[in-house]
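Asks: Here it is, the structure in full.
The values are calculated or read from the model by the stated rules, or taken from the named source; none is laboratory data. These numbers were taken from a predicted model, which means no experiment stands behind them. Using ideal geometry, Cβ is built from the backbone for each residue, glycine included, and neighbour counts are taken over all protein chains shown.
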Amino acid sequence: MPKRTLGPFTELQRNVLADLEDDPTDNDLLERMHVVNAALAANSCNCNGHSVGSQRDPYFGADLSELVTRSIPHTVKVEVEGRLVERIERVHLSTLRVEVDSNNEVCVWIYEES
């Protein structure tokens, strides 16, 4: 079976994923990680190695930590017409989609940034 894309997930459209402020608490971050993990579980998404019983990161902890942290507005430098400019970016968790393989193991994270 070829890879397929799942999402965006209705579970991530709720107010609990309201934009994080510039200085969220650890509990804010953990809450959002839990919500995203629950959405993945509700859609039968598995981590790498699940099908062979050797899960690398069963709760997607490293990936979700990165995604949630990057959902906080942050400054990035991008090249525009040959010069570097600073721009505020953030990952929009409500746009999250994943590409899964035939074992429903997540291969690719897909999302929009602003």
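Asks: Restricting to the range 28-46, name every residue that is more than 13 Å from the chain's Cα centre (by Cα), assigned to a loop (DSSP other than H, G, I, E, B) and surrounded by 14 or more Cβ atoms within 10 Å (Cβ to Cβ).
Replies: Asn43
Asks: In the set Ser102, Ser65, Ser114, which member is surrounded by fewer than 17 Cβ atoms within 10 Å (Cβ to Cβ), within 13 Å of Val36 (Cα to Cα) and of a type in the set (S, T, N, Q)? Break it down stepwise before answering.
Replies: On the way: Ser102 fails: within 13 Å of Val36 (Cα to Cα); Ser114 fails: within 13 Å of Val36 (Cα to Cα).
Only one candidate qualifies: Ser65.
Asks: I would also like to ask the following. Of all residues in the range 68-99, which are polar (S, T, N, Q) and farther than 19 Å from Met33 by Cβ?
Replies: Thr75
Asks: So for the range 101-111 (the condition being of a type in the set (Ser, Thr, Tyr) and either outside any helix (DSSP H, G or I) or modelled with pLDDT under 90 (or both)), does at least one residue qualify?
Replies: Yes: one or more hits.
Asks: Further question on the same structure: Considering each of Val85, Val76, Val68 in turn, give the residue that is farther than 24 Å from Leu12 by Cα and at pLDDT below 95.
Replies: Of the residues listed, the single one that is farther than 24 Å from Leu12 by Cα and at pLDDT below 95 is Val76.
Asks: Cβ-Cβ under 6 Å, sequence separation 6+ or interchain: first residue in the range 44-70 and farther than 18 Å from Leu29 by Cα, partner of a type in the set (Gly, Ala, Ser). Which pairs?
Replies: Listed pairs, sorted by first residue: Gln55/Gly49; Arg56/Gly49.
Asks: Continuing with this model, one more query. Identify all residues within the range 38-67 that are within 12 Å of Asn103 (Cα to Cα) and touching a helix residue (DSSP H, G or I) at 6+ places or on another chain (Cβ under 9 Å); write none if there are none.
Replies: Cys45, Asn46, Cys47, listed by residue number.
Asks: Restricted to the range 1-30, and to residues that are among the acidic types (Asp, Glu) and touching a Pro at 6+ places or on another chain (Cβ under 9 Å), which residue is modelled with the lowest pLDDT?
Replies: Only one residue tops the list, namely Asp19.
Asks: Could you run through the range 30-77 and say how many residues are among the basic types (Lys, Arg) and out of contact with any strand residue (DSSP E or B) (no Cβ under 6 Å at 6 or more places or on another chain)?
Replies: Here the count works out to 2.
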